[in-house]
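*Asks:* Below are the structure tokens for one structure; questions will follow.
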Amino acid sequence: MGFENLVLGFQVALQPYNLGIAVVGIILGTVIGVLPGLGGANGVAILLPLTFTMPPTSAIILLTSLYWGALFGGAITSILFNIPGEPWSVATTFDGYPMARRGEGGQALTAAFTSSFVGALFSVVLITLFAPILAEIALKFGPPEFFAIQLLTFSSFIGLGGGNPLKSLVAILLGFILASVGLDIVTGALRLTFGFTELMKGFDFIIAVIGLFGIGEILLTMEEGLAFRGARARINPRVVWQTWKTLPRYARTFVRGAFIGFWMGFKPGGATPASFMSYAFAKRFSRHPERFGKGEIEGVVAPETAAHAAGGAALLPMITLGIPGSPTAAVMLGGLIIWGLQPGPMLFKERPDFVWGLIASMYTGNIIGVIMVLAFVPLFAAILRVPFGILTPLIVSVCAIGAYSVHSSMIDIWYMLVFGVIGYVFKKLDYPLAPLVLALVLGDLAENALRQSLIMSQGSLLIFVTRPISGVITLAALFFFALPLITAYRRRLRRSTVSATAETP
Amino acid sequence: MRAADLVTALVLMAVGVLVLADALRLGIGWGTDGPRSGFFPFWLAVLLLVCCLAIGAQAWRARVTKPFVSREGLAPVLKMLLPATAAVVVTQFFGLYVATALYMGFYMRWIGRHSWLAVTVMSLAFPVITFVIFERWFLVPMPKGPLESWLGY
């Protein structure tokens, strides 16, 4: 059953046009991943308007290839320039940059790309196996189940996201509030417009993503005054081959990283903890833990495998449930809606060519990706040697173009600028941006699910716990919401017992 | 940092109050066909106010002496933000292509201190390439001004 579908998918993904699209996507994605201020999420957001005229399958292939490319590109800046483009690349810098400083940049990059490839491939295989099953289960879901899953999505930001849980919650609430601005499609009432006609159409999350992640990130980079003094990498087939010969030694690290990544990754905000966790495990089980942090190749393999397994896994809830696992997946989900597709489990029944083309393109995209980045690393790294005086206006202009082209509306460029300043302030004060964006994307869906559930139960919130599936999910969500309180309580308890035992002689 | 934290919490609380007021206007109870329009925003605003109060209290008690932005850090941030804002104003009146040309040129000369030749080439090449990609290939129109209409677009 699943296998025939995959063959069908490959027939779509291997069409020359779609292969070409994948190559373009990987190149653009890697460039975007290397550039400061442009990451996967807003790269996808900026290019989204260009896909409106494409067939949906090619469009999603372009965007997912961009996503893989951006993930690969992040490894280049982490290793050669010690600049983690994304939070989940932080752990890669620990050992990647020392290696590059020692002149082993080629080995580090080869290890990073190979681990990324293995991690992503592992996730894609699991997606191939589990996505149809999950979609089948999800077909039986009603509004209470969907609302419960959304609760779980947001609770994991609070329980697992690290940082200040209150600020995570504020970010989520703000996202939902921004999403509710404009016309209420159920009752037809105008909400939170305060008489301004410009506010009637609400805030588009694409603009928010471009502003928050794009402009905000550049403002941060400016303040830190980063000078890109990178290590040079010599990478050639011999280096690649010799590194590959050593990698089977780390088979266990690969497997562990891939499992951690997938398990953490299909929940939102999971990629960063997954990469750190995988790094910590690799260090604990290593025979030479003292070498970690000084340029140990295993310290590159572990976080990269996990981060990319997580990056792949984030697409699983998006295609099966219509609930994205990461900001980038959220933007893709927005794309699906714009292309006229209804995200969610029905997609497997209604558009198998789209779903399986997408899944097959994850295989082809990763294979093309790893070959391209290995071949062209010096070119991509050269981008960061372009002077800042040119890069900055270029990136800002590209952001503005992307923001304008969504609705051909001038006010969106202004919104982008405002969101940029908000993004800068929030980032500095530790308000997380990813949950805000996710809430903005899911706002209408979540509210409708809540409304329909309440109509079903005639106003009783108990419906979320009395139905078996939604009950389990809701309880899990409540647990994650309470997790910061529980850990704080336990810490206090432990501290008091420690001080108590210290006092007694 | 503490002041910035407090101010942000206050601003967010003001947002919360605005949302609360509008939610009450729309009705937060049960309408003829389910929860009314203000129901969801009302509870969002209530939670937001509670959280911001708690964050404000945390910030009040915290003793962080680190400033939100250092004096050396602020200058480059403003040097990026102000030209960008100016470029958006120019876009509003003269279209995106003129604005990006001026913005590129100004920034490259002022911050990057590049030669006039490089400045001229880049600030002409970028809008032209953008024009070809967006208006010609992908048929996505950009904001245009008097220059483009004079050229016949």
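Read-outs: derived from the displayed coordinates by stated rules, not from any lab. Note that the structure is a prediction, hence the values are computed from the model and not measured. Here Cβ is always computed from backbone atoms with ideal geometry, including for glycine, and neighbour counts include all displayed protein chains.
*Asks:* Can you check how the C-alpha radius of gyration of chain A compares to 2.2 N^0.38 Å, as a plain ratio?
*Replies:* Details: Rg = 22.6 Å, N = 505, 2.2 N^0.38 = 23.4 Å.
So chain A has a normalised radius of gyration of 0.97.
*Asks:* Please give the charge dipole size of the range B:25-127, origin at the Cα centre, charges +1 on K and R Cβ atoms and -1 on D and E Cβ atoms. Round to the nearest 20 debye.
*Replies:* About 420 debye.
*Asks:* Continuing with the same structure: In straight Cα distance, which aspartates and glutamates are under 16 Å from A:Lys283, not counting same-chain residues fewer than 8 positions off?
*Replies:* A:Asp95, A:Glu296, A:Glu298, A:Glu304
*Asks:* Relative contact order, percent, of the range A:75-172 when contacts are C-alpha pairs under 8 Å separated by at least 6 residues? Present the calculation step by step, with values, prior to reporting the outcome.
*Replies:* Numbers: 54 pairs, mean separation 14.7, N = 98.
So the answer I get is 15 percent.
*Asks:* Okay, next question. If I model a spin label as a point 7 Å beyond the Cα along the Cα-Cβ vector, how far apart are those points for A:Leu129 and B:Trp30 in nm?
*Replies:* The modelled label-to-label distance comes out at 4.8 nm.
*Asks:* Evaluate E = 1/(1 + (r/R0)^6) for A:Glu4 and B:Arg63, where r is the Cβ-Cβ distance and R0 equals 60 Å; express this FRET efficiency to the nearest 0.05.
*Replies:* Values: r = 65 Å, r/R0 = 1.08.
The value I calculate is 0.40.
*Asks:* Still on this structure, please answer the following. Would you mind checking A:Lys167/A:Lys428; A:Lys201/B:Lys79; A:Lys428/B:Lys79; A:Lys294/A:Lys427; B:Lys79/B:Lys144; A:Lys294/A:Lys428 for any pair whose Cα atoms are more than 23 angstrom apart? Walk me through the numbers before you get to the answer.
*Replies:* Numbers: A:Lys167/A:Lys428 12 Å; A:Lys201/B:Lys79 32 Å; A:Lys428/B:Lys79 18 Å; A:Lys294/A:Lys427 29 Å; B:Lys79/B:Lys144 26 Å; A:Lys294/A:Lys428 29 Å.
A:Lys201/B:Lys79; A:Lys294/A:Lys427; B:Lys79/B:Lys144; A:Lys294/A:Lys428, as the Cα separations exceed 23 Å there.
*Asks:* Hey, another quick one. So how much slack lies between B:Ser70 and B:Phe138, counting 0.36 nm per residue of separation and subtracting their Cα-Cα distance, in nm?
*Replies:* In short, 20.1 nm is gained.
*Asks:* Evaluate the distance, in nm, between pseudo-label points positioned 7 Å from the Cα of A:Ala382 and of A:Ile337 along their respective Cα→Cβ axes.
*Replies:* Here the modelled spin labels are 4.2 nm apart.
*Asks:* Between helix B:116-131 and chain B, what is the angle of the helix's C-alpha long axis to the longest principal axis, kept within 0 to 90° and rounded to the nearest 10?
*Replies:* 70 degrees
*Asks:* Grab every C-alpha pair in the range A:16-117, bin the distances at 5 angstrom width from 0 up to the longest one, and report whole percents.
*Replies:* 3, 15, 23, 21, 16, 10, 8, 4, 1, 0
*Asks:* For the pair B:Leu124 and A:Phe285, what calculated FRET efficiency results from E = 1/(1 + (r/R0)^6), where r is the Cβ-Cβ distance and R0 = 51 Å, to the nearest 0.05? List each step's numbers first, then the result.
*Replies:* Values: r = 58 Å, r/R0 = 1.13.
Result of the calculation: an efficiency of 0.30.
*Asks:* Please enumerate, by chain and number, the aspartates and glutamates with C-alpha under 16 Å from the C-alpha of A:Lys349, excluding those fewer than 8 residues away in the same chain.
*Replies:* Partners found: A:Glu4, A:Glu136.
*Asks:* Given only helices, namely DSSP H runs of n ≥ 4 each adding -39500 (n - 2.57), what is the per-residue ellipticity at 222 nm of chain A, to the nearest 500 deg cm²/dmol? Kindly include the intermediate steps, with their values, before the conclusion.
*Replies:* Working: 23 runs with 371 residues, N = 505.
Per the formula, -24500 deg cm²/dmol.
*Asks:* Calculated FRET efficiency, A:Gln15 and A:Gln458, Cβ-Cβ r, R0 51 Å, to nearest 0.05?
*Replies:* Working: r = 51 Å, r/R0 = 1.01.
Efficiency for this residue pair is about 0.50.
*Asks:* While we're on this one: Over the Cα atoms of the range A:130-222, each weighted equally, I'd like the Debye log10 I(q)/I(0) at q = 0.15 Å⁻¹, rounded to two decimals.
*Replies:* -0.91
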